[in-house]
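One structure is given below, encoded as structure tokens.
The values are calculated or read from the model by the stated rules, or taken from the named source; none is laboratory data. These numbers were taken from a predicted model, which means no experiment stands behind them. Because the Cβ atoms are built from the backbone with ideal geometry, glycine has one as well, and the counts that use them run over all protein chains shown. Surface accessibility is based on the protein's heavy atoms, side chains included, excluding ligands, DNA and RNA. Shrake-Rupley method; radii C 1.70, N 1.55, O 1.52, S 1.80 Å.
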Amino acid sequence: MRILIVGPQGAGKGTQASRLAENLGIPHISTGDIFRANVGAGTELGVLAKKYMDAGELVPDEVTVAMVAARFDEPDAAKGFLLDGFPRTVGQANKLGEILVERNEDIDKVLLLEVPDDVLLGRMLARGRADDTADAITRRLELYHQETKPLLDYYADRLVAIDGVGGIDEVQQRALKALGH
Ligand code: AMP
């Protein structure tokens, strides 16, 4: 099964995605996690990505798309994946489509985690990540509304939306059910 998970920052997307991937037996591919691992290891990619991440801006597509394509080539991604944090724009969705066509693959479902803005802000302030400065939070939220929300129309034919407010297990059960499990 090939799934995308979409939702604003603070929606609990990362937590739900890693559990979901485990429950479904597919790898959790998070572009944010891969970038953070590279920043931590001080790789060339990490040094480049950090400038954008600290500002809440998107890392340039040529870097991000190549990174995702390389990840798909790893053997564990052959049977499916849960993609988290990519695509974030319609441009990236088009690139993803091109990569998947070449592989004879397609996205089965797009899972949207819906959480109201006031709940999001509280969760983000509690999370305390290095790039959770007020400016970066505001910028990521702006980008979500401008760039990522259009993806919901793009993937309208395979979109499933769930309420992301509630306990971790409760939301996980909703997600599994929405995906037909
Ligand atoms: P996340 O963990 O998904 O919130 O991502 C953290 C940061 O990594 C973002 O604010 C961006 O700077 C960068 N990033 C993650 N995914 C992408 C993507 N698909 N395109 C561009 N930049 C990304």
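With respect to residue 62, is the statement that it is under 25 Å from residue 171 (Cβ atoms) and free of Cβ contacts under 8 Å to residues at least 24 places away in the same chain true?
No, not satisfied.
Among what's in the stretch 138-158 and is hydrophobic (A, V, I, L, M, F, W, C) and more than 10 Å from the ligand (Cβ to nearest atom), pick the residue that is nearest to residue 112 (Cα to Cα).
Ranking the qualifying residues of the stretch 138-158, first place goes to 152.
In the stretch 4-27, what residues are under 11 Å from the mean Cα position of the chain (by Cα) and within 15 Å of residue 107 (Cβ to Cβ)?
4, 5, 6, 17
Among the residues of the stretch 133-162, count how many are open to solvent by less than 80 Å² (accessible area, probe 1.4 Å) and within 23 Å of residue 20 (Cβ to Cβ).
Qualifying residue count for the region: 12.
Applying the selection to the stretch 91-114, what residues are open to solvent by less than 50 Å² (accessible area, probe 1.4 Å) and within 14 Å of the ligand (Cβ to nearest atom)?
Of everything in the stretch 91-114, those that are open to solvent by less than 50 Å² (accessible area, probe 1.4 Å) and within 14 Å of the ligand (Cβ to nearest atom) turn out to be 91, 92, 93, 96, 99, 113.
Go through the stretch 81-116 and give me each residue that's over 21 Å from residue 36 (Cβ atoms), touching a residue at least 60 places away in the same chain (Cβ under 8 Å) and of a type in the set (D, E, K, R).
105, 106, 108, 109, 114, listed by residue number.
If the requirement is being touching a helix residue (DSSP H, G or I) at 6+ places or on another chain (Cβ under 8 Å) and either under 28 Å from residue 175 (Cα atoms) or of a type in the set (S, T, N, Q) (or both), which of these qualifies: 55, 77, 17, 49?
Of 55, 77, 17, 49, the one residue that is touching a helix residue (DSSP H, G or I) at 6+ places or on another chain (Cβ under 8 Å) and either under 28 Å from residue 175 (Cα atoms) or of a type in the set (S, T, N, Q) (or both) is 77.
Quick check, is residue 128 open to solvent by 40 Å² or more (accessible area, probe 1.4 Å) and either more than 15 Å from the ligand (Cβ to nearest atom) or without any contact (Cβ under 8 Å) to a residue 12 or more places away in the chain (or both)?
Taking the combined requirement at face value, the residue satisfies it.
For the stretch 1-88, list the helices (runs of 4 or more DSSP H) that sit wholly inside it and hold at least 3 residues that are within 9 Å of the ligand (Cβ to nearest atom); which are they?
Hits in the stretch 1-88: 31-41, 44-55, 61-72.
Yes/no matrix, rows are residues, columns are (1) open to solvent by 70 Å² or more (accessible area, probe 1.4 Å); (2) among the hydroxyl-bearing types (Ser, Thr, Tyr); (3) on the phi > 0 side of the Ramachandran plot:
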site	(1), (2), (3)
43	no, yes, no
48	no, no, no
60	no, no, no
80	no, no, yes
